[in-house]
Amino acid sequence: MQRLQFALLASLLLLVLLLPGIRSTPTDQEVDIVHYQPEQVHLAFGETVLDIVVTWNTRDNTNESICEFGIDGMHQRVKAAQMPTKFVDGGAKKATQYIHRVTLSHLKPNSTYLYHCGSELGWSATYWFRTRFDHADWSPSLAIYGDMGVVNAASLPALQRETQSGQYDAIIHVGDFAYDMDWENGEVGDEFMRQVETIAAYLPYMVCVGNHEEKYNFSNYRARFNMPGETDSLWYSFNLGPVHFVSFSTEVYYFLSYGFKLLTKQFEWLERDLAEANLPENRAKRPWIITYGHRPMYCSDDKEYDCNSQLETYIRQGLPMLKWFGLEDLFYKHGVDVEIFAHEHFYTRLWPIYDYKVYNGSAEAPYTNPKAPIQIITGSAGCKEEREPFSNDLPIWNAYHSNDYGYTRLKAHNGTHLHFEQVSDDQNGAIVDSFWVIKDKHGAYPSPQ
């Protein structure tokens, strides 16, 4: 009996001595996972359409950013001169990731390139993209939309399918991403960038900032995207075929707590860029000027405090009372042909409009040689806030409207003809609106009557 008691005591003592070791086994302690694998790969145009900027993220610092690429195999290699950028989200967890950028310069026109990106510590899958031409004599096709989130991204499947089939030369996302990129300590932004990778890793994904990017001074937007120029992707322009595209921030009018200087700098830049694009020699080369920014000048719903017929929009007439930095006069002065907006979760095509007055080309052909810019609102790609209703009494400038989920297609056929289509996701890809813009002459509009 004494021997049995002694054996039991010895066993218990041995168990007590071993318990700390048991608790500290790898299966029970916190594991330090290292994440060097590239994710969230996306492309943008660089200083020309034959310069492509490849951007991706890693959770941990690889200390280098490399892209291997080529036409017949990936025999070319570019290593970024700068180290990956450390981005710390503004949320409570201060989640950290590293953003990598490599520019592929002086690419061959009209060629298909294979590429992958990463470092010696980990590589992405292999993707491809197609270059086009740096001259104006070709016809680019684009998909354009705004307000697409992680939840209820109604247009995403069709856009993925059409991108993979080579239908587009670029995408323009007119603000409001993920809903919202900063949520859950940036994890919602990460998930959005993973979802759109099947589009954005295969063709330039050109963007502008929206109100849902505002958190922490737009830090998620500024860090994740790399548009041409040195303005944190807030405003920039690029040429594609016969079109000069101009992206700008409507949010500098609404979030003045981040500083007045951004508003003045953007307005001065817009004046210079549009004046140069409107020079006769440049209009002869690239006749069309198309702008895109998130919040519209005119709307067809009652909910927006700053967007109805009773209240002036800040971007249209400028800051309240002072009327400084309004864009409608500036765009009219320099002959902007088409202005694209989002923000409202529907699609609207407006008649040519200036200062609340319709200036159709003629009663029979309103978009042939119109006497004012044409505005389009395309914010119905789908998000968790769902659709928005139209006003019961639609304004006179409303030419067509739909609150089906969907997106807009643009084909710039040449210097005189643009063609727009609105695709309905609700109706399995049916075209619910289609129209031509035809202009024999481009430039400043005549003095309004």
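Would you work out which of Gly122, Pro395, Leu319 lies farthest towards the positive end of the dipole of the chain? Charges go on Cβ: Lys and Arg +1, Asp and Glu -1.
Final value for the positive-end residue is Gly122.
If you count only protein heavy atoms with a 1.4 Å probe, what accessible area per residue comes out for segment 137-438, rounded to a whole Å²?
Normalised by residue count, the accessible surface of segment 137-438 is 35 Å².
Can you list the HN-Hα couplings for segment 152-169, worked out from phi with the Karplus curve (6.51, -1.76, 1.60; θ = phi - 60°), rounded to whole Hz and with x for Gly and Pro?
6, 7, 4, 7, 4, x, 5, 5, 4, 5, 6, 5, 5, 8, x, 6, 10, 9
What are the ³J(HN,Hα) couplings of segment 188-198, residue after residue, when phi is run through the Karplus curve with 6.51, -1.76, 1.60 and θ = phi - 60°? Round to Hz, x for glycine and proline.
Computed from phi, the couplings for segment 188-198 are 5, x, 4, 5, 4, 5, 5, 5, 7, 4, 5 Hz.
If you compute Rg and Dmax of the Cα atoms in Å for the structure shown, which of (i) 21.9, 84; (ii) 26.0, 115; (iii) 22.9, 91 do you land on?
(ii)
Take the chain, connect every pair of alpha-carbon atoms lying under 10 Å apart with a spring to form a Gaussian network, then pick out the residue of Ala92, Ala399, Ala153 with the largest mean-square fluctuation.
Ala92
Would you mind working out the accessible area per residue for segment 75-114, using a 1.4 Å probe, and quoting it in Å²?
For segment 75-114, the per-residue accessible area is 61 Å².
Could you work out the relative contact order of the chain, using alpha carbon pairs under 8 angstrom and six or more residues apart, expressed as a whole percent?
14 percent.
Measure off, as a whole percent, the carbon and sulfur share of the 1.4 Å-probe accessible area of the chain, all protein chains present.
54 percent
Whole Å is fine, so just give me how far the alpha carbon centre of segment 334-356 lies from that of segment 79-110.
So the separation of the two Cα centres works out to 34 Å.
With a 1.4 Å probe and all protein chains kept in place, how much accessible area does Arg295 have, in Å² rounded to the nearest 10?
Using a 1.4 Å probe on the heavy atoms, I get roughly 20 Å².
List the aspartates and glutamates whose Cα sits under 16 Å from the Cα of Lys94, skipping any in the same chain fewer than 8 residues away.
Asp60, Asp182, Glu184, Glu187, Asp190
With all protein chains present, calculate the accessible area of Tyr254 using a 1.4 Å probe and round the result to the nearest 10 Å².
40 Å²
In segment 137-438, what % of DSSP beta bridges are antiparallel (nearest 5)?
Restricted to segment 137-438, the bridges split so that about 60 percent are antiparallel.
For the chain, set up a GNM with springs between Cα atoms under 10 Å and report which of Tyr400, Tyr359, Tyr314 has the largest fluctuation.
Tyr400
Based on DSSP H runs of at least 4 residues, each adding -39500 (n - 2.57), what is the mean residue ellipticity at 222 nm of the chain after dividing by all its residues, to the nearest 500 deg cm²/dmol?
-5500 deg cm²/dmol
Using only Cα atoms, tell me the angle between helix 2-23 and the longest principal axis of the chain; keep it within 0 to 90° and round to the nearest 10.
Approximately 30 degrees, to the nearest ten.
Taking the simple approach of a point 7 Å from Cα along Cα-to-Cβ for both Lys441 and Glu281, what is their distance in nm?
Going by the 7 Å Cα→Cβ label model, 2.2 nm.
Report, in degrees rounded to the nearest 10, the 0 to 90 angle that the Cα long axis of helix 215-224 makes with the longest principal axis of the chain.
90 degrees
Which of Thr416, Val150, Tyr258 sits farthest toward the positive end of the charge dipole of segment 137-438, with +1 on the Cβ of Lys and Arg and -1 on the Cβ of Asp and Glu?
Sorting the options by dipole projection puts first Thr416.
At 7 Å along Cα-to-Cβ for each site, give me the label-to-label distance between Gln82 and Lys333 in nm.
3.3 nm
Got a sec to turn the phi values of segment 170-179 into Karplus ³J(HN,Hα) couplings, 6.51 cos²θ - 1.76 cosθ + 1.60 with θ = phi - 60°, whole Hz, x for Gly and Pro?
The phi angles translate into 6, 10, 10, 9, 8, x, 6, 10, 6, 6 Hz.
For segment 76-121, run through the trypsin sites (Lys or Arg not before Pro) and keep only the ones in DSSP coil with at most 12 other Cβ atoms within 10 Å of their Cβ.
Passing both the DSSP loop test and the Cβ count: Lys93, Lys94.
What is the spin-label model distance, in nm, from Ser434 to Thr48 if the labels are put 7 Å beyond Cα along the C-beta direction?
3.6 nm
With a 1.4 Å probe and all protein chains kept in place, how much accessible area does Glu385 have, in Å² rounded to the nearest 10?
Result for Glu385: roughly 90 Å² accessible.
Sorted by accessible area (1.4 Å probe), largest first, how do Asp425, Asp176, Asp393 line up?
Asp393, Asp425, Asp176
Taking the chain as a Gaussian network, Cα atoms linked when under 10 Å apart, which of Ser391, Ser119, Ser402 shows the biggest mean-square fluctuation?
Among Ser391, Ser119, Ser402, the largest mean-square fluctuation in the Gaussian network model of the chain belongs to Ser391.
The values are calculated or read from the model by the stated rules, or taken from the named source; none is laboratory data. Owing to the predicted nature of the structure, the values given are computational and were not obtained by experimental measurement. Don't worry about glycine lacking a Cβ; one is built from the backbone with ideal geometry, like all the others, and counts go over all protein chains shown. What goes into the accessible areas is simple: the full protein's heavy atoms, side chains included, and nothing from ligands, DNA or RNA. Shrake-Rupley method; radii C 1.70, N 1.55, O 1.52, S 1.80 Å.
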